[in-house]
Structure formats: C-alpha cells, structure tokens
1. Looking at this structure, is A159 surrounded by fewer than 22 Cβ atoms within 10 Å (Cβ to Cβ) and either closer than 22 Å to A41 by Cα or in contact with a Phe, Trp or Tyr (Cβ under 7 Å, 6 or more places away or on another chain) (or both)?
2. Which pairs have Cβ atoms under 7 Å, sit 6 or more apart or on different chains, and link a residue in segment 90-106 that is basic (K, R) to one that is within 7 Å of the ligand (Cβ to nearest atom)?
3. Enumerate the strands (runs of 3 or more DSSP E) found wholly within segment 30-146, keeping only those where 2 or more residues are open to solvent by less than 20 Å² (accessible area, probe 1.4 Å).
4. Any residue in segment 16-32 that's within 16 Å of the ligand (Cβ to nearest atom): show its pairings with residues that are of a type in the set (D, E, K, R) and modelled with pLDDT of 95 or more at Cβ separation under 7 Å, as long as the two are six or more apart or on different chains.
5. Looking only at segment 111-138, which residues are closer than 18 Å to G42 by Cβ, touching a Gly at 6+ places or on another chain (Cβ under 7 Å) and of a type in the set (G, A, S)?
6. May I ask you to say which residue of T96, T119 is near the ligand (Cβ under 10 Å from one of its atoms), out of contact with any Ser or Thr (no Cβ under 7 Å at 6 or more places or on another chain) and among the hydroxyl-bearing types (S, T, Y)?
7. Please work out if S53 is of a type in the set (S, T, Y) and within 12 Å of the ligand (Cβ to nearest atom).
Amino acid sequence: MDGGMNGPIVPGMTSATPQAYRDGMAHVAGHVHVVTTAGAAGTSGFTAIAVASVSDDPPTMLVCLNRKSLNGGLIEANGVFAVNALPAGAEVLAETFAGRRGLAGADRFAFGSWSTLSTGSPTLDEALVSFDCRLAEVRPVATHIIVIGQVVAVRVGPAGAALAYFDRAYRPIPR
Ligand SMILES: Cc1cc2nc3c(=O)[nH]c(=O)nc-3n(C[C@H](O)[C@H](O)[C@H](O)COP(=O)(O)O)c2cc1C
C-alpha cells in the first residue's frame, strides 16, 4: 500500500489536483539543467527541468521559474542568463543549485568549473551544452514566470551521458 505523499503509481484517470499533476509529471523524463545569471544585480543560478526550445530562428529558449525564487529578479535585472545541460554524474551540482546544500547566490558556484561566453552568465565547462541568452521576455503564469531568451552563443562541451530526472530520481541517459 502506498500511503505516502507521492500517491500510488497505478494506471488510471483522476481529476487534475496539484498532487495528481505532480504524480503525473513523475512519469515524464526531463534533462536536468543549471540556469545561471550574472551582472550588476548579482550572480546566481538554479536547477531546472522546465527548459524548452522555442525556435531556431532566431534561436530562442524558455525556462519556467517559480516566482518565490530570488533568481527571477536577478535574471530580470541582469537581462541575461545561461542554460547549462548537465552531464550524468552531476547530481551534486544539481542538488547544490536546487538549494539543498545550504548554499545561495554566488556560493553555489563552489562546485564545478565555470567560464563565460558572450553575456557574462556563468557556463559550466562540464556541461553537455551551454546556451548563452539575452532576456527577451518574461511572462507570469500561475505560480511561475516564463523566462524567454534569445540565444546569442552556444558552447558544445565534452560528449557524454546526460543527467535526467525521472520517477523522482536522477538517472543517466547513455549517449
Ligand atoms: C531536479 C530538479 C529540477 C528542478 N526544476 C525546476 C524548474 O524547472 N523550475 C523551478 O522554478 N524550480 C525547479 N527546481 C527547484 C529549484 O532548483 C529550486 O527551488 C531553486 O534552486 C531554489 O533557488 P533559490 O534558493 O534561489 O530560490 C528543480 C529542482 C530539482 C531538484
């Protein structure tokens, strides 16, 4: 019997409560990213699965960010951000940038090795790929903001397996 917070994993339909939605999303695999920003307002970053490609012309990406995160204000003020796709084995980075290791703001960059491309937002040297973005638009939706960026630089990193999150756990995706 499953009496826990996450609900039973059984096939079937239910009305779309927030818990049912979260349980449903546990069945969707997503690449884990670290989204960063730097500028006059400060340096910070957070772990995000809710990242998507919008268009290749002009190259455009979006990130969904909880309004409670301090990162939203920093990205809006700095006007730039970078999306770093994590490699398998980067669980410590993912947990650090999810705020689960007691670090905030620039202190989260103690893990990993970091560079910059065009905008000054930190890019992770070990990332499978990094997309450097100028902020184009911010749209509030429900509990989140959708941060839309125009991609101004792309850096492909070392080839390797990807870090995904699926069924509430980190999982490697082989290349
Ligand atoms: C695997 C994983 C994926 C996450 N994906 C997102 C996401 O897509 N959007 C989001 O707002 N928060 C996401 N979070 C939570 C944020 O990383 C976390 O709330 C954030 O780092 C807190 O930052 P703050 O301390 O600056 O507010 C995710 C956390 C984990 C562990």
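The values are calculated or read from the model by the stated rules, or taken from the named source; none is laboratory data. Everything numeric in this text was worked out from a predicted model, so none of it was measured. Here the Cβ is made from the backbone with ideal geometry for all residues, glycine too, and neighbour counts use every protein chain on show. These area figures cover heavy atoms from the full protein model, side chains too; ligands, DNA and RNA do not enter into them. Shrake-Rupley method; radii C 1.70, N 1.55, O 1.52, S 1.80 Å.
1. Working: surrounded by fewer than 22 Cβ atoms within 10 Å (Cβ to Cβ): yes; either closer than 22 Å to A41 by Cα or in contact with a Phe, Trp or Tyr (Cβ under 7 Å, 6 or more places away or on another chain) (or both): no.
No.
2. So the pair list comes out as R101/E95.
3. Details: elements: 33-37, 44-48, 51-56, 59-66, 80-85, 114-116, 122-124, 129-141.
Here the list reads 33-37, 44-48, 59-66, 80-85, 122-124, 129-141.
4. From residues that are within 16 Å of the ligand (Cβ to nearest atom), the pairs are A26/D167; A26/R168.
5. G120
6. Working: T119 fails: near the ligand (Cβ under 10 Å from one of its atoms).
Among T96, T119, only T96 is near the ligand (Cβ under 10 Å from one of its atoms), out of contact with any Ser or Thr (no Cβ under 7 Å at 6 or more places or on another chain) and among the hydroxyl-bearing types (S, T, Y).
7. Numbers: of a type in the set (S, T, Y): yes; within 12 Å of the ligand (Cβ to nearest atom): no.
No, not satisfied.
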